[in-house]
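Only one structure is covered here, and it is reproduced in the block below.
Taken together, the values in this text are just the output of simple stated rules run on the coordinates, not laboratory data. Given the structure is predicted, the values throughout are model-derived calculations rather than measurements. Methodologically, a virtual Cβ is constructed for each residue, glycine included, from the backbone with ideal geometry; neighbour enumeration extends over all protein chains shown.
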Amino acid sequence: MAQLTFREAIARGIAQEMRRDESVVFLGEDVGAAGGVFKGTVGLLEEFGGVRVRDTPISEQAILGAAMGASMTGLRPIAEIMFADFFAVCWDIVVNEIAKSRYMTNGQMTFPLVIRSGNGGGLRFGAQHSQSVENWAMMIPGLKVVVPSNALDVIGLMAASIRDDDPVIFLEEKALYSSKMEVPDGEILDQLGLAKVLRQGGDATVVALGNMVPKALLAAEELALAGIDCTVVDVRSLVPLDTATILREVSATGRLFTIEENPRLCGWGAELSSIVSEEAFYDLDGPIVRITTPHIPLPAADALEDLAIPSVERIVTTVTKSMNA
Amino acid sequence: MTTTKTAPPAMDLEAKLDLYRCQVELRQFEERAYDLFLENYVKGTSHLGIGQEAIAAGFAAAMKPTDWTFATYRGHNHTLARGVPMTPVLAELMGRTNGLMAGKGGSMHLTSVEHGVMGSYAIIGAHLPIACGAAWSAQYRGTDQVAVCFFGDGSVNIGAFHEALNFAAIWKLPVVFVCENNLWMEYTRTSEVTAVENPAADRAAAYGLESIIVDGNDVDAVFEVAATAIARARAGEGPSMIEAKTYRHGGHSRADPGKYRPDEEVAEWKAKDPIPRYHARLLDLGVAEEVLVKIVTEVAAAVDVATDEAKAGAIPGEDLLMKDVWADGGSSWRN
């Protein structure tokens, strides 16, 4: 066991897979010599060398095009898009090329690649370096979407993503890079498409993703003191989506609250509430409530950003109000 | 910068006849595809390569079977030139299960991994970085494979083109970029919207590459530059950029009669049609007219057979609809 930060877990997960499989290569801006702008890839260049860990120019289309071309010809590339906002300059490669090509070619091609990216707000970086893009990725057929909420899951889900034969968008919540936890030694391998129940309660089910998970857990502790006992589910993987676990946990309490950092429209919680409405409607005892960032670009000022992103306080207030209505 | 100056292998007459046959096949295939549009067998859109056959034929002849082709939505020529049979290509255009991708890709996305045709891409410029990735993979795995990436003159002003060239140059990738400059970027004359005279070749220097321009309607000339550039890539000497001057006889796509082009220009380029030119050259080399006529007749018969076989293909159904989004063969996104 060792105390590991979320950012150290990134490097450990990648290193674990690079050691076991020569076909795993890694490219991105500042990922090698600099160890990543978030220091998430420190030590990889030193251990695996410049042939497998490659710094690139600031050319997001080239980075992802290269990852795609390499993956269709036998490699398992990991590509970094430094900030998830930058997906906007290479979204064509992701959406039109990587996501569609297996289907269009009637299964002739396979794209075992991982695109890692720093996602979400909380660091006061302003609207072009803070947004959450999980909803962009989730709506594209052909992309798997993974958003871990802690260091242990980072390692296990990174390993599962690298070993997966489909393209995986692996979103790393920037606000969590410094978070720490005890992580066992040895190989860690998790599974995509598996939500985790982190806390069991009888009154309401709170479903959260990424950086919203620790906030949901803190909110659940406060709510318990006020007599509202919450189940907390960490979605972890938007595609594939573990609807079985979520439907089971919602049916058990009769209430669903989603905690989403993405802006309001078309967030993952909207899809989830549609699924629950269609398939567990008669188990519901009250409305489904989505707690999200408002439908605005994220502001830079700490006071404003804190108002925008769902806080522990907002979760507590919203859940309490709805449960007592 | 070093350049390989070794002379490309001299072609024997047999190989030249193969080049002739290949061009004739591409031409007749496209003409049939056009007719099948008019008969409503081919739906949607299609971008014919009539007039540009010499480039596809010349490059394919210079490639090893293990090399990779990356093509655009005007990709019928390049797919067939790599040895993909006509029937599955025609059936793909017609949306049948015996199509190259069982009807799921269509005219603009012809792919045959088995033949090294690693996709036809319909977003301008997108496949240049992808070809770099394949080349990187060959370099990393130590194979001697080369990626050959074809694109039109319309691709040279999009960002991906420039990102890919820089990337290929700095990593010294075994990739050959081939601009088929047919002078028209869809409905607009390329020179009117491009800052340099030779849209691809004039940009090569900016990435440390040699500027190579070739008569794209002369299959022998194309073969020569192709063989040199591919050998250079294979030897680890890095990427090349070749601009092949050519002309499409028809419009941009099915919907376009190409009326914006001056008649004299079209006439001038039709006079430079690569197939009659090569026909004349082969006669000069002593090939009997009847040998060439026989090739044309044989190809015509093969196109007829392919047409019948394609038309006989089944219409795809729901089983194909939900197949192969994922590597497990399915399309499920939830449990």
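Brief remarks follow.
- Angle of helix A:243-253 to the longest C-alpha principal axis of chain A, folded into 0 to 90 degrees and rounded to 10: 20°.
- Ordered by the number of other Cβ atoms lying within 10 Å of each residue's own Cβ, fewest first, A:R290, A:R248 fall into the sequence A:R248, A:R290.
- The Rg/Rh ratio for segment A:114-172, using Cα coordinates for both the radius of gyration and the Kirkwood hydrodynamic radius, is 0.99.
- Summary of the geometry: segment B:31-81 and segment B:228-252, compared by the centres of their Cα atoms, lie 16 Å apart.
- The calculated FRET efficiency for B:R189 paired with B:E210, based on their beta-carbon distance and R0 = 41 Å, is about 0.95.
- Within segment B:142-157: backbone nitrogen closer than 19 Å to the A:V51 label point (7 Å, Cα to C-beta): B:142-146
- Helical mean residue ellipticity (222 nm; -39500 (n - 2.57) per DSSP H run of 4+; nearest 500) of the protein assembly as shown: -11500 deg cm²/dmol
- Membrane-span-like helices in chain B, defined purely by DSSP H runs whose alpha carbon atoms cover 30 Å or more axially and whose average Kyte-Doolittle hydropathy reaches 0.0, are B:289-311.
- Under DSSP loop assignment and at most 13 Cβ neighbours within 10 Å, longest GluC sites (Glu not before Pro)-free interval of chain A: A:23-186
- The angle between the Cα long axis of helix A:212-225 and the main principal axis of chain A comes to about 20°, on a 0 to 90 degree scale.
- Computed from point charges on the beta carbon alone (+1 for Lys and Arg, -1 for Asp and Glu), the dipole magnitude for chain A about its Cα centre is near 160 Debye.
- Computed E for A:R19/A:A252 - FRET, C-beta separation, R0 60 angstrom, nearest 0.05: 0.90
- For segment B:176-262, chymotrypsin sites (Phe, Trp or Tyr not before Pro) meeting the loop criterion (DSSP other than H, G, I, E, B) and having at most 15 other Cβ atoms within 10 Å: B:Y187, B:Y260.
- Between the C-alpha center of segment B:260-279 and that of segment A:249-317 there is a gap of 64 Å.
- Distance-filtered residues of segment A:281-325 - backbone nitrogen under 14 Å, label point 7 angstrom along A:A226 Cα→Cβ: A:311-325
- Annotation for A:Q128 and B:V293: the two label points, set 7 Å from Cα along the Cα-Cβ direction, are 6.9 nm apart.
- Sequence-separation-based contact order of chain A, relative, with Cα cut under 8 Å and 6+ spacing, percent: 17 percent
- Residue exposure sequence - A:T73, B:T66 - by fewest surrounding Cβ within 10 Å: B:T66, A:T73
- Sorted by Cβ neighbour density within 10 Å, fewest at the top, the residues A:L152, B:L48: A:L152, B:L48
- Placing +1 on the Cβ of every Lys and Arg and -1 on the Cβ of every Asp and Glu, with nothing else charged, gives chain B a dipole about its Cα centre of roughly 760 debye.
- Contact order normalised by residue count of chain B, Cα under 8 Å, 6+ apart, percent: 22 percent
- Unit charges at the beta carbon, dipole of the protein assembly as shown: most positive-side option, A:A2, B:T143, B:V293: A:A2
- Restricting the calculation to Cα atoms, every distinct pair contributes to the Kirkwood radius of the protein assembly as shown, found to be 26.8 Å.
- Residues B:V113 and B:K172, FRET efficiency given R0 of 22 Å [Cβ-Cβ distance, rounded to 0.05]: 0.30
- Global geometry of chain B, whether rounded, prolate or oblate, following the gyration tensor of its Cα atoms and the 1.5 cut on a/c: rounded
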